1. Calculate the tail of P(r) for segment 235-350: the fraction of all Cα-Cα distances greater than 17 Å, expressed in %.
2. So if the hydrodynamic radius of segment 169-289 is defined as the Kirkwood radius over C-alpha pairs, what does Stokes-Einstein give as its diffusion coefficient at 37 °C and 0.692 mPa s, in µm² per second?
3. With just the Cα atoms defining each centre, how far is segment 143-180 from segment 194-249? Give it in Å.
4. On the principal axes of its Cα set, how long, how wide and how thick is segment 263-302? Give whole Å, largest value first.
5. With the contact rule set at Cα under 8 Å and sequence spacing of 6 or more, what percent relative contact order holds for segment 173-233?
6. Counting only DSSP beta bridges with both residues in the chain, what percent are antiparallel, rounded to the nearest 5?
7. Which parts of segment 289-331 would a label at residue 129 reach, counting a residue when its backbone N lies under 15 Å from a point 7 Å out along Cα-to-Cβ?
8. Can you give me the pair-distance distribution of segment 227-289, C-alpha pairs, 10 Å bins, whole percents?
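Just so it is clear, none of the values below were taken in a lab; they were calculated from the coordinates. Only a predicted model underlies this, so the values are computations on that prediction, with no experimental measurement involved. No Cβ is skipped: glycine too gets one built from the backbone with ideal geometry, and neighbour counts run over all protein chains shown.
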Ligand SMILES: Nc1ncnc2c1ncn2[C@@H]1O[C@H](COP(=O)(O)OP(=O)(O)OP(=O)(O)O)[C@@H](O)[C@H]1O
Ligand SMILES: [Mg+2]
């Protein structure tokens with residue numbers, strides 16, 4: 001809606017195959033006549049100095065507990081091979097020294113431009129990418145563990161991907177898809193397993209009699225809820241949500257975010273929330289880490305980052321958020337002339353690491369490179 005307010009002259013609102021309202025952009029946003037249009041506009045997450053969030057937290061975050069996950073100096077690089085002997089001559093430094101902790105019941109958001117290394121960080125934590133540095137889950141370092149130990153520890157960390165269709169096997173019934181993690185980890189069986197799947201379905205707002213259907217018979221929002229049910233099947237301590245709501249329309253997005261928040265209040269689940277939508281991030285986060293070219297350049301509480309952004313890159317990210325208000329349209333898009341430098345570097349020439357300086361109350365900002 002922010003982009004619509006910024007770009008459009010006239011707007012047509014559609015619902016269930018019908019046009020429900022049309023008019024000049026200022027009228028649609030300023031005085032919507034249709035109830036659905038109003039509902040849609042009300043669901044738009046707005047950026048506003050941390051004011052937008054409804055607090056439903058029942059249990060406070062315990063600051064001195066063992067973190068559910070901790071990464072220290074995480075590095076992931078992909079070799080680029082060239083020449084006849086396929087020698088690695090350069091590396092893509094996707095993640096170049098990232099450190100953070102996630103406490104039980106907390107939401108940490110990872111933000112930054114496309115290609116800055118967010119998904120790669122998530123994949124390393126979920127055990128889907130080779131890395132160097134430390135990944136500590138529930139106080140136990142993942143390095144050098146046997147397959148069985150890793151499997152047990154990974155149970156506590158589940159991932160919801162951006163594209164719910166690509167992550168659900170189209171040939172499996174959705175009930176079996178939700179049960180699959182329990183099958184892999186040999187938890188419950190027979191009727192008990194089926195009952196647990198049914199209760200997960202109702203928990204995410206789907207009806208248990210839809211269990212025998214196939215993924216293509218659901219809408220995008222419903223499929224995303226199936227993925228959430230699947231992630232919940234093992235009662236994880238941490239859920240990594242990589243752009244999980246980005247593809248959903250604002251009203252469905254608001255519902256899915258509400259569901260994630262409820263589950264957090266109920267079960268004390270921690271989230272690593274990855275998104276490029278700063279307005280959504282402001283609404284869901286406890287803490288925020290801003291990533292740029294494989295490194296964290298600023299991190300702090302939601303209020304520190306949105307109320308007092310210090311790093312020029314964070315300031316730019318926040319300023320770039322399109323406002324859902326056509327009267328505040330910017331005259332032209334301010335483009336930064338400089339492209340983001342490339343994460344590709346010659347072999348043996350690793351990127352310099354930023355030094356993070358505390359500017360007060362645990363608000364860390366990158367100083368000059370070391
Ligand atoms: N398998 C791979 N081989 C080589 N390079 C890769 C591979 N996977 C990712 N990269 C590179 O690593 C960098 C970080 O990618 P990543 O997917 O983590 O970005 P992202 O922050 O998630 O971006 P987006 O917001 O677009 O999802 C990019 O430059 C990408 O091209
Ligand atoms: Mg990504």
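1. Tail of the P(r) past 17 Å holds 66 percent of the pairs.
2. Estimated diffusion coefficient is 219 µm²/s.
3. Taking the Cα centre of segment 194-249 as reference, the centre of segment 143-180 is 13 Å away.
4. Projected onto its principal axes, the Cα set of segment 263-302 covers 35, 18, 15 Å.
5. Reported as a whole number, the value is 50 percent.
6. Numbers: 40 of 57 bridges.
The antiparallel proportion sits near 70 percent.
7. Counting only backbone N, you get 291-296.
8. 20, 60, 20, 0
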